[in-house]
Amino acid sequence: MRGRLFWKICLAFWCTALLINQGSWLIFFLTWDPPPSLQWVMDEKVAPVQLASARNVIETGGMPAYQALRAAMPVEQQDAIEILPVAKGAQPPAPAPNKRVMMARTPEGQQLALVYVNKGESRREWSFLRSLRRSGDYMIAAAVGGLLFAAGLAWYLTRPIRTMQRGFGRLAAGQLDTRLLPDMGSRRDEIADLARDFDAMAARLEQLLAMRDQLLHDVSHELRSPLARLNLAIALMRQNPAKAATSVERIETEVRRLDELVGELLSLARLESGGQGQDSYFELGGLVENILANARYEAKASGVRVDARFTSDNEGDSITDDSLPRHDLIVQGEFELMRRALENVVRNAIKLSTTGQVVEVELRVERGQDMEALMAPSSGRAILFVRDEGPGIPDDKIASMFDPFVRLSPQASGGFGLGLAIARRAVMALGGRISARNRSYHGRPVNGLEVQIDLPLYRGGEKG
Ligand SMILES: Nc1ncnc2c1ncn2[C@@H]1O[C@H](COP(=O)(O)OP(=O)(O)O)[C@@H](O)[C@H]1O
Ligand SMILES: [Mg+2]
């Protein structure tokens, strides 16, 4: 038993097909002007000639001559003319549309009426019922054909829907590897698009769940080692109370580390769940300045220099300035998100630089060029570049460096590999993008990594 939709579509199309079919049949017959029959046309032409010659023969040779003429005619013509004697003073038969009458007088003086009856139809008779009866076969054929057509169409339309229904069922039952597009055959229509969207959704779900599982796995793994060390320190303390001070120190370190990890995990989870305020705003220039001050302080210890640069891309020409802009770069979103993101990136750069190297932070403002961009609340974008002269990253690792718990270089040990994951989520929550690439100068690779953060600006960008 097929579903309801199948029957709905099938019936609707069948009725439409029947209506169109029978309707055009009816209209054809209602407007049809039937021509006279061939017999009628022939008789109309032949009658005057036959009547005239019959009269001639009768008036000259009398009935015997006419009988001789009649005998010479083809059999089906012999009774075409009826000859009626007309009594003196009597009315001859009246002519009618199908009846011609001609008078003749025999040499004996007898009055005769020659009557020719046209046996054809002057107008073809037509009645709806008769035409229905005559077109009965045609109607049955049309009905059956229409039904087949409607059923075919309904099948064609409902089959992918049923496939999709099954797909949703399987997905709901937890089979995340369900894909619909392969079942769609060579379809290239909206239904195929729907199947493609479904597949994208299923793939995304699959990926998200896999990420969640991976994260859970990584978190438990990450928690296990400090906990093991804690246990060890406690056991040592029990064994040797004299050395309690070292053990307590150890325990303090591990507890601090655990606290840090949990803190980072919490911010990651908070970002993951979304719900960042859309009605808060912050000023980007001041934020960058603030982070630069902290970074310079931190970098001094390892002999790394931190440079700042401001570039404004107003109407095509770019102005470079060593000072940061006035406080007019308004970004919609939470200040704290951006602070965490930028701080993580800058601290990575400093951590991976060695004495004498330079970390460069560039803030570039690009104003919208077209009118539409000027009218929109978001007028242009800000781009932050953080460049260092450190070891960079193998190109095949760049895509994964923003994933949680990814640590690539041994220099960076100490972190949990959550910093960039948090930074990416934070930037995304602000409607921006973060990416990284190894640095190059005029096409040639040079040492170092460049991290780029694109942010939509709510307002601002005019310097001065
Ligand atoms: N500027 C950089 N240059 C080279 N490698 C980097 C840089 N920034 C980050 N990385 C690599 O990316 C990894 C992930 O960084 P992050 O998520 O901040 O984790 P963490 O700093 O906790 O190790 C780091 O372990 C490091 O190997
Ligand atoms: Mg980091």
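No lab work stands behind these numbers, since they all come straight from the coordinates. In this text the structure is predicted, and so the values were computed from the model without any measurement. We place every Cβ from the backbone using ideal geometry, glycine too, and count neighbours over all the protein chains shown.
Kindly state, to the nearest 0.05, the FRET efficiency for residue 148 paired with residue 27, given R0 = 35 Å and r defined as their beta-carbon distance.
Numbers: r = 24 Å, r/R0 = 0.70.
That pair, residue 148 with residue 27, gives E of 0.90.
Under the rule a/c < 1.5 gives rounded, and otherwise a/b versus b/c splits prolate from oblate, where does region 1-46 land using the Cα gyration tensor? It comes out prolate by the Cα gyration axes.
Quick one: grab the alpha carbon gyration tensor of region 189-299, order the square roots of its eigenvalues as a ≥ b ≥ c, and give me rounded if a/c is under 1.5, else prolate or oblate depending on whether a/b is larger than b/c.
Details: a/c = 4.29, a/b = 1.57, b/c = 2.72.
Since a/c reaches 1.5 but b/c is at least a/b, the shape of region 189-299 is classed as oblate.
Inter-label distance, residue 137 to residue 234: 9.8 nm, where each label sits 7 Å from its Cα along the C-beta direction. Note on region 124-262: with charges restricted to the Cβ of Lys and Arg (+1) and Asp and Glu (-1), its dipole about the Cα centre is near 640 debye. The 3J(HN,Hα) values that the Karplus relation (6.51, -1.76, 1.60; θ = phi - 60°) gives for region 49-58 are, in residue order, 5, 4, 4, 5, 5, 4, 5, 3, 4, 5 Hz. Gly and Pro appear as x. Backbone geometry of region 233-238 corresponds, through the Karplus equation with coefficients 6.51, -1.76 and 1.60 at θ = phi - 60°, to 3J(HN,Hα) couplings of 4, 5, 4, 4, 4, 4 Hz, x marking Gly and Pro. Placing unit charges on the Cβ atoms only, positive for Lys and Arg and negative for Asp and Glu, gives the chain a dipole magnitude near 1780 debye about its Cα centre. Dividing the radius of gyration of the alpha carbons in region 38-117 by their Kirkwood radius gives 0.96 for Rg/Rh. Counted over the chain, the DSSP beta bridges are approximately 80% antiparallel. Checking every one of the GluC sites (Glu not before Pro) in region 28-103 against DSSP loop status and a limit of 15 other Cβ atoms within 10 Å picks out no site at all. Taking other C-beta atoms within 10 angstrom as a stand-in for reagent exposure, 401, 63 fall in the order 63, 401, fewest first. Full extension of the chain segment joining residue 260 with residue 119 gains 39.3 nm, where the gain is 0.36 nm per residue of separation less the Cα-Cα distance. Counted by neighbouring Cβ atoms within 10 Å, the residues 234, 81, 393 run from fewest to most as 234, 393, 81. In the chain, the convex hull through the Cα atoms has an average projected area of 48.9 nm², a quarter of its surface area. Going 7 Å from the Cα of residue 190 toward and past its Cβ, which residues in region 146-172 have a backbone nitrogen under 19 Å from where you end up? It comes to 153-165, nothing else.
The length gained on full extension between residue 11 and residue 211, counted as 0.36 nm times the residue separation minus their Cα-Cα distance, comes to 67.2 nm.
Quickly estimate the mean residue ellipticity at 222 nm for the chain, helices only: each DSSP H run with n ≥ 4 gives -39500 (n - 2.57), and the total goes over all residues, rounded to 500.
Values: 11 runs with 239 residues, N = 464.
Helix contribution divided over all residues of the chain: -18000 deg cm²/dmol.
Distances between placed amide hydrogens fall under 5 Å for residue 99 paired with 118, all partners being 5 or more residues away or on another chain.
Which longest run of the chain has no exposed loop site in it, a site being chymotrypsin sites (Phe, Trp or Tyr not before Pro) in a DSSP loop with at most 16 other beta carbons within 10 Å, and the site itself not part of the run? Write out the running numbers ahead of the final one.
On the way: sites that count: 32, 126, 405.
In short, 127-404.
Counting other C-beta atoms within 10 Å, which of 10, 15 has the fewest, and how do the rest follow? Before the final figure, lay out each step's value.
Values: 10 21, 15 12.
Fewest-to-most Cβ neighbours within 10 Å comes out as 15, 10.
In percent, rounded to a whole number, the relative contact order of region 38-117 is 34, using alpha-carbon pairs under 8 Å and six or more apart.
Once C-alpha pairs closer than 8 Å and six or more residues apart are averaged by separation and normalised to the residue number of the chain, the relative contact order reads 11 percent.
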